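Structure, as structure tokens:
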Amino acid sequence: MSRGGAFLVAIDGPAGAGKSTVSRRVAERLGFAMVDTGAIYRTVAWAAVRDGIAFDDDAGLAGLLGRIRIEFRPRPGGGQLVFLDGADVSAAIRTPEISRAASSVSARQVVRDGLLELQRRLARGAGKGAVLEGRDIGTVVFPDAEAKFFVTARPDVRAARRHAELSARGDAITLAEVLADQNQRDKDDMERAIAPLRPADDAVVVDTSDLSMDEVVDRIVGEVESRLASGTLRG
Ligand code: DC
């Protein structure tokens, strides 16, 4: 699977494990590009809602994938913005409604197949390396990634983090609702027939429940740096 020599770091795991923050900081520390694949699924879900396409309408979803253009652009001050056909949808795709919709559309083979090439292209264009964050990067999208991590945390810890994030944004959702939503999404993501959420056999599992963000980032960056160094020795 050619990807222009980029060193690929796959960071998979369930919602609320801290993947997004960790992935962004790992990418910054390493000077690698960042590909948030969940944002891609969310953008497709947002477009399906906008266009009134049912989440199980495979023909409708295929048509949608053929006519939309999803891009990442740098966010002034750090991070990334997601654009759909030239319009910034970064905030619109982060609502609980779109979280549920993304879980539904991501279970459709037509959507997974349709987004595979986009994810690979973004990684190939990354220069020296890329951090890809998602659910099936190490198992399906890049089974030959140089470093794979499965970042997870206990369900109560994940729900509390997500609740704090939503509350800070002014969302009135309760912790119980967040936990119920999360349990449903975990179940759907893990039990779906296509590309279910599971650690790759060669992934390093990192449980973030009792670790600080700094500790998690240090552990991942340390592992990547040692693989980069041994790659250099081999090469
Ligand atoms: O990481 P996230 O919460 O932004 O992901 C949104 C949804 O997309 C989530 O339900 C799982 C799905 N997803 C996926 O199936 N495969 C990926 N590589 C990334 C996300």
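Can you tell me which residue is nearest to residue 224 (Cα to Cα) among those in region 142-172 that are among the acidic types (Asp, Glu) and assigned to a loop (DSSP other than H, G, I, E, B)?
146
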Legend entry - Residues of region 205-217 satisfying the condition of being surrounded by 15 or more Cβ atoms within 10 Å (Cβ to Cβ) and not in a loop (DSSP other than H, G, I, E, B): 206, 207, 216, 217
Legend entry - Among residues of region 98-130, those that are in a helix (DSSP H, G or I), more than 9 Å from the ligand (Cβ to nearest atom) and more than 18 Å from residue 63 (Cβ to Cβ), counted: 5
Legend entry - Restricting region 27-56 to residues that are free of Cβ contacts under 8 Å to residues at least 12 places away in the same chain and either within 12 Å of the ligand (Cβ to nearest atom) or of a type outside the set (A, V, I, L, M, F, W, C) (or both), the residue that is surrounded by the most Cβ atoms within 10 Å (Cβ to Cβ): 50
Inset, instruction - Kindly check whether there is at least one residue in region 79-97 that is open to solvent by 60 Å² or more (accessible area, probe 1.4 Å) and away from the ligand (no atom under 14 Å from the Cβ). - result: yes
Legend entry - Restricting region 65-75 to residues that are in contact with a Gly (Cβ under 9 Å, 6 or more places away or on another chain) and in a helix (DSSP H, G or I), the residue that is most open to solvent (accessible area, probe 1.4 Å): 66
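The values are calculated or read from the model by the stated rules, or taken from the named source; none is laboratory data. None of these values were measured; they are calculated from a predicted model. Cβ: placed from backbone, ideal geometry, glycine included. Neighbour counts: every protein chain shown. Areas reflect the complete protein model, heavy atoms only, side chains present, ligands, DNA and RNA absent. Shrake-Rupley method; radii C 1.70, N 1.55, O 1.52, S 1.80 Å.
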